[in-house]
Amino acid sequence: MPWAAAEASTSSALAHASAAIARLDQALQSHPLQTAFLYRARLEAVRRQAAVDGQSIDAWHLAAVLEGLRLRMDSALRIIDRGAIFEAARHALGLHQWLAFPDFDQEGEVQSAEKALVAVPVSTPLLAAATGMHTWLNHGGTRPPMRAALVRYWIRHRLLRMPVPLTGAAALRPDAPFEAAAWVPAFLMALAEEAADGLQLLFDMERAWFAARRAVAGRRRTSRAPAAIDILAAAPLASASSLAAGLGMAVNNATALMDGFCAEGIAVEVTHRSKRRLFGLAGLAPLRAEVAPPRRPMPGRGRGRPPILQIEVDQPPAPLPGRPLSPIERRAFDYSELEHWIAHAEQAIRQTRHVLDLTARAVGIADSGQ
């Protein structure tokens, strides 16, 4: 790439990244949904990172693993394919650990990556981060510690006031160029896209959350419905058992509460299982179509006959998104129980990762003994 073209590309990408990150930071400042946003943003970051690492895990499998559900796989899958799905789940939870709560050994690697970023003699923090990450990877450094170091780097240099996991994952796709002149602007554009997606996620959470809160307004003071709405908005998917644990109520009562939400259009069921059903807040459950129940034969149609053609009707255009809520509107709700549930969810993630690691070790020991 000619020098002038590379310079122009880098300048444009730097402007886009700076503006996108500034908008996200401004929107998150003093926002009551900060904790819930970070929880979901980490899960989205994990999915992005796992995909470029060659360990892609779809949204259903990740949500199922986090809820402690047994991964249900097609019986026609080969053993090697089942093993790949299992390993992808382990890899995703391992990436989450690097971002959220690295252990002692991982912390040492993250600090080494931080030193590599600080050592770059570039005045602009974004360019220094891009150059430092490229140098780190070019000298054999691994991705997870550098990603965790980037999250801390943004805070240290005051680009962000919260540990939002912006790591430029798309710049590490297999087809992405790795020459510094081309990779640096690609990394900056990846950061800009992640920041823009994060801002959209925050607005989507805000609109869906408060619409659901208004739908349950006016219930008796002891009702657990508002707290259940908080949990559904924080987690991509939640089971009745995790809701019961977070709300301090019986599983049957939590299930009845969710069934009522589904009937009122506040929540949707996304798994259609008889046991360990998963629910999501309406408007925040993009997995519903992905995990829809299998298609059944139409009544009156014999085997092998062509399907009855359905007349397609033009759907009305989707309504425009509403405006972001004002600070006064945001303060109208109580969030006291939300952090308690998110702490419970983080603990569940740690336990699930531990179980997967133990299972993998047991399988490895069994294989070595054969």
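Assorted remarks:
- Matching residues in segment 211-235 - criterion: being surrounded by fewer than 24 Cβ atoms within 10 Å (Cβ to Cβ) and touching a helix residue (DSSP H, G or I) at 6+ places or on another chain (Cβ under 7 Å): Arg213, Ala215, Val216, Arg219, Arg224, Ala225, Pro226, Ala227
- Pairing residues of segment 263-278 that are at negative phi with residues that are at pLDDT 80 or above and of a type in the set (S, T, N, Q), at Cβ distances under 8 Å and at least 6 apart in sequence or on separate chains, gives Arg277/Ser239; Arg277/Thr255; Leu278/Ser239.
- Filtered residues of segment 139-149 (kept if touching a residue at least 12 places away in the same chain (Cβ under 8 Å) and surrounded by fewer than 23 Cβ atoms within 10 Å (Cβ to Cβ)): Gly141, Thr142, Arg143, Pro144, Pro145
- Counted residues, segment 150-174 - those being closer than 22 Å to Glu7 by Cα and surrounded by fewer than 22 Cβ atoms within 10 Å (Cβ to Cβ): 1
- Only residues that are modelled with pLDDT under 90 and in a helix (DSSP H, G or I) were counted across segment 1-36, and they come to 10.
- Checking Gly248 against (1) surrounded by 19 or more Cβ atoms within 10 Å (Cβ to Cβ); (2) on the phi > 0 side of the Ramachandran plot, the condition it does not meet: (1)
- For segment 118-170, a residue qualifies if it is small (Gly, Ala, Ser) and in a loop (DSSP other than H, G, I, E, B), and the qualifying residues are Ala119, Ser123, Gly140, Gly141, Gly168.
The values are calculated or read from the model by the stated rules, or taken from the named source; none is laboratory data. Please read these numbers as outputs of a predicted model, since none were measured by experiment. All Cβ positions, even for glycine, are placed from backbone atoms using ideal geometry, and neighbour counts span all protein chains on display.
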